[in-house]
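Report on the structure given below.
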Amino acid sequence: MSVRVGILGATGAVGQRFIQLLQNHPTFNLVAVTASESSVGKRYHDAAKWRIETPIPEEIGSMVVTETTPEALPSNVDLLFSSLPSSVAAEVEPDFLEAGYVISSNSSNDRMASDIPLTIPEINPGHLKLIEQQRINRGWDGALVKNPNCSTITMMPTLAALQELEIDSVHVSTLQAVSGAGYSGVTSMEIIDNAIPHIGGEENKMESESRKILGSFTGANVELHSMDVIASCNRIPTLDGHLENVFVETSQSVSTDEAADAMQSYSGTSLYSSPEQLINVFDDPIRPQPRLDRARGDGMQISVGGIQQTATGIKYNCLAHNTIRGAAGASLLNAELLVDAGWV
Ligand code: NAP
């Protein structure tokens, strides 16, 4: 099966990762790239400030960037990825949905809306059925699925693996890479030799999105998980890879070995972009580290280390590649799920 895809906001930090991950994909074939007015009409090569380790593929570099409207897209697009700034996505995504497009989106608008699936395919694939309710509520011919924020995605597989221990609360403190703020998000003068103890809106996203992902699907909506989540988010001068210190309070007591086993054996899916092993647990307490571990599993694996018992549960550190597992790779997996479930 071949699915023709387009990327809305293809020239940004996440858009570039889409282009990298779509190379040699067995199902998706990139046919359209869009961006802002300042890039429209340019060859992709000239419009994108490319910052990926590998060169821009020649056939993509010569594609012409089009306007971000349904009318400007070639008529043969089956599925769209969206990596637009959230304020822009909130305005334009409905136009594409009304025109019948299926969108797998990274942008934060509508993530907590009751009829929008917020999915990580290894954890809550069943929430995709919210699309039926979405079509009834909104009259769209298309369909919209969102992936969570990059910092939420980093800890979610570990929490899903521990869910049977009845999680009462989660406290998390993050050390987030600069690419998470987008290409022009943080200037070098702000971040070199520094750390910034606030990321606007991020704490709120972690606290709410995590409860939706572990929530129960009722048929028409998702009942949020009862756990209490408190997040504290910090920007540090790494390029890619978010590291998080997580403190989980559980109703049932848990040993470090039990927690490590639950994480190591937490199953993935058979979808193409899902790593064979979703969570890798290190014995070495000084791992994971962004530079050493963000590329594990082609950037799709979650790394964990430093698991220790506490008086009320356990604590550990976890890491994920924010623009791959936390963004473009997450959307790609959701798109594979959409295809698998017959929505495309
Ligand atoms: P970015 O580097 O700033 O890229 C934004 C993209 O949107 C560019 O292609 C830009 O085109 C385009 N764009 C901007 N304004 C536009 C407009 N008015 N009309 C059409 N296109 C427009 O941002 P990013 O980091 O890739 O993030 C993209 C989205 O993903 C955001 O919603 C972000 O919150 C989310 N996200 C990011 C990460 C991460 O780790 N970076 C993780 C998870 C989710 P030009 O190049 O022409 O300006």
Using a 10 angstrom cutoff on alpha carbons, build the Gaussian network for the chain and name the most mobile of T250, T310, T54.
-> T54
Quick one: Cα centre-to-centre distance for the stretch 150-210 and the stretch 10-28, in angstrom?
-> 23
For the stretch 271-288, Karplus-derived ³J(HN,Hα) couplings (6.51, -1.76, 1.60; θ = phi - 60°; whole Hz; x for glycine and proline) come out as 5, 3, 8, 7, x, 4, 10, 6, 10, 10, 9, 8, 7, 5, x, 8, 10, x
Sorted by chain and number, the residues with a modelled amide H under 5 Å from that of I7, at a separation of 5 or more or across chains, are A32, V33, T34, F81
In the stretch 285-308, which residues have a backbone nitrogen under 18 Å from the label point lying 7 Å from D257's Cα in the Cα-to-Cβ direction?
-> 306-308
Which angle between 0 and 90 degrees, to the nearest 10, do you get for helix 150-162 versus the longest principal axis of the chain when only C-alpha atoms count?
-> 50
Assuming 1.567 mPa s and 4 °C, estimate D for the chain with Stokes-Einstein, Rh taken as the Kirkwood radius over Cα pairs, in µm²/s.
-> 64
Between G200, G215, G12, find the one with the highest GNM mean-square fluctuation for the chain; connect C-alpha pairs within less than 10 Å.
-> G200
Among the lysines, which have Cα under 29 Å from the Cα of K212 when same-chain residues fewer than 8 positions away are ignored?
-> K129, K146, K315
For the stretch 203-344, what is the accessible area per residue in Å² when the probe is 1.4 Å?
-> 42
Could you work out how far helix 13-22 tilts from the main Cα principal axis of the chain, as a 0 to 90 degree angle to the nearest 10?
-> 80
S75 paired with D283, simple spin-label distance in nm, labels 7 Å along Cα-to-beta-carbon | 6.3
Label point distance in nm, A341-S173, each placed 7 Å from Cα along Cα→Cβ = 3.7
CD proxy at 222 nm, helix term only [per DSSP H run n ≥ 4: -39500 (n - 2.57); per residue of the chain; nearest 500] = -7500 deg cm²/dmol
Pick out which of K212, K49, K146 has the largest mean-square fluctuation in a Gaussian network model of the chain, springs linking Cα atoms closer than 10 Å.
-> K49
Percent antiparallel among DSSP beta bridges (both partners in the stretch 150-321, rounded to 5) | 70
Considering only DSSP beta bridges with both partners in the chain, what is the antiparallel share in %, to the nearest 5?
-> 45
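The values are calculated or read from the model by the stated rules, or taken from the named source; none is laboratory data. Note that the structure is predicted; figures quoted are calculated from it, not measured. Using ideal geometry, Cβ is built from the backbone for each residue, glycine included, and neighbour counts are taken over all protein chains shown. Only protein heavy atoms, including side chains, enter the accessible area calculation; ligands, DNA and RNA are left aside. Shrake-Rupley method; radii C 1.70, N 1.55, O 1.52, S 1.80 Å.
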